[in-house]
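Q: What follows is a single structure, and I will ask about it in a moment.
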């Protein structure tokens, strides 16, 4: 992914709400399933690592991207953004 593509996705991520939360249990199978479903439906999702979680936002983003085949877009503080084109209905053109 090029820098221009990543910058475009970062701009799009500014207006979306956080829908994925990583809590004290870290990344569980349920979290991965939830992230998979959200990526399939929206392609671009924003997540947050809550206080007391065993992972940093960078670690959570890296692990989720590896398990889901997604692209890490941005990580600031405890929030992160990832992207993966929908397998059935791609909507975002990069």
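Every number in this text was worked out from the coordinates using simple rules, so none of it is lab data. Everything numeric here is computed off the predicted structure, so don't read it as measured data. Please note: Cβ atoms are built from the backbone with ideal geometry, for glycine as well, and neighbour counts cover all protein chains shown.
Q: When 62, 31 are ordered from fewest to most other Cβ atoms inside 10 Å of their Cβ, what list results?
A: Lowest count first: 62, 31.
Q: OK, next. With only alpha-carbon pairs counted, each pair once and no self-pairs, how large is the Kirkwood hydrodynamic radius of the stretch 30-94 in angstroms?
A: 12.0 Å
Q: Compute the acute angle (0 to 90°) between the alpha-carbon long axis of helix 3-13 and the principal axis of greatest extent of the alpha-carbon atoms of the chain; round to the nearest 10°.
A: Orientation of helix 3-13: about 70 degrees from the principal axis.
Q: Going by how many other Cβ atoms sit within 10 Å of their own, how do 55, 20, 64 line up, fewest first?
A: 55, 20, 64
Q: Follow-up question, since we're still on this one. Remind me, relative contact order of the stretch 3-83 in percent, using alpha carbon pairs under 8 angstrom and six or more residues apart?
A: 32 percent
Q: Using only Cα atoms, find the angle between the long axis of helix 57-68 and the longest principal axis of the chain, and express it within 0 to 90 degrees, rounded to the nearest 10.
A: 60 degrees
Q: Can you tell me the 0 to 90 degree angle between the C-alpha axis of helix 29-42 and the longest principal axis of the chain, rounded to 10?
A: It is inclined by approximately 20 degrees.
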